[in-house]
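Step one of this worksheet: look at the structure below.
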Amino acid sequence: STRATGCCVHPMSHPYTWVLYMSVTLLAKTRYSVINISFSPPSPFSHCKWLRSLAEAGKQPEADLPFYHPRAPSAEVEMTSYVLLAYLPTRPAPSQEDLSLAAQIAKWISKQQNPNGGFSSTQDTVVALQALSRYGASTYTKSGGASTVTLQSTGNFQTQFQVDHTNRLLLQHVALPEVPGDYSTGVTGEGCVYVQTSLRYNVLPKPEEAPCALEVHTVPETCDSPQVHRTFSIAINISYTGKRPVSNMVIIDVKMLSGFIPVKSSLEGHHHIHRTELSTNHVLLYMEQVSNVTQSFSFVVEQDFPVQSLKPAVVKVYDYYETDEFSIAEYSAPCSKGSV
């Protein structure tokens, strides 16, 4: 709206404000023109550079991995997507110069996609897919060249992907037969083809690198009565230890011990908790932000069916926008040894 545009006109010292201003201007179709913004950076990638501290820029890579590109933070993906939308207005049609710049931006955004086609969060995924869709619509032609991508290993494995105008919007994939292994790709023909490899593994963060101090225990902590076999509380203490003054929105994912379920009424009334969701064997607690002041809360669980030799369960807290920032803790049932 025009009112929203007016709110964004003056304080544009932050790149996020700048890209939001471009987006609002295009949507509101006001007298302000994006191409005449005096704050306009010299290149479509400058706003991302502004977010990088000098310390980060000065870091040297630990290994020479030319084909590995760590995904950018969620905020950078969202802002770059807004920039792409600004370069591709629906009316008038984008110029050839704008399309050339847009191609570079679309290529960078595509590199940030996860193997499922999304990005880090719902927010950046919505904006990024909208931007890539706009780019696809602006550059789409019914005819085009054909390409053949050949993937082969040093052994006997070999497969080919055919990409032409009939299937270029179709995702094609294959599972690698041996990991680790040596594989190579080759492309013949015409056109542009995007190839992505995905390898998943779990690495626990070092305690000193975790963004939150997380402590979980049961109440009571010992098996001091027969009732504790059937019901007890899970207490959580959390504080932010990251680089920002406060955290972004965080999600606390509490995995239930086998055979136990949460008492729903005990999940209500916590002023720290913005929203609660119950998933299969998990309780998800949403917090708007976490500061360096420890916040404590608890909820009750009860036994749904008996299980012998209970194993510890994991509690994970992670940044809603930067899911790679997480902390992990474990808790055990008070009567876990020899419980029935």
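For this structure, a couple of remarks:
- Members of the range 83-99 that are surrounded by fewer than 18 Cβ atoms within 10 Å (Cβ to Cβ), touching a Leu at 6+ places or on another chain (Cβ under 9 Å) and hydrophobic (A, V, I, L, M, F, W, C): L99
- Cross-chain or 6+ apart pairs with Cβ under 8 Å, the range 240-251 first and within 21 Å of L284 (Cα to Cα), then surrounded by fewer than 16 Cβ atoms within 10 Å (Cβ to Cβ) and hydrophobic (A, V, I, L, M, F, W, C): Y240/V246; I251/L284
- Only listed residue being buried (at least 17 other Cβ atoms within 10 Å of the Cβ) and either under 30 Å from L20 (Cβ atoms) or free of Cβ contacts under 8 Å to residues at least 24 places away in the same chain (or both), chosen from A175, A137, A102: A102
- Pick from the range 260-275, criterion closer than 15 Å to V300 by Cα and touching a strand residue (DSSP E or B) at 6+ places or on another chain (Cβ under 6 Å), ranking: surrounded by the fewest Cβ atoms within 10 Å (Cβ to Cβ): V263
- Filtering the range 298-340 to residues that are at pLDDT 95 or above and of a type in the set (F, W, Y) leaves F299, Y331.
- Considering the range 86-119, the residues that are farther than 21 Å from Y321 by Cα and of a type in the set (S, T, Y) include one that is farthest from the chain's Cα centre (by Cα), namely S95.
The values are calculated or read from the model by the stated rules, or taken from the named source; none is laboratory data. These numbers were taken from a predicted model, which means no experiment stands behind them. Don't worry about glycine lacking a Cβ; one is built from the backbone with ideal geometry, like all the others, and counts go over all protein chains shown.
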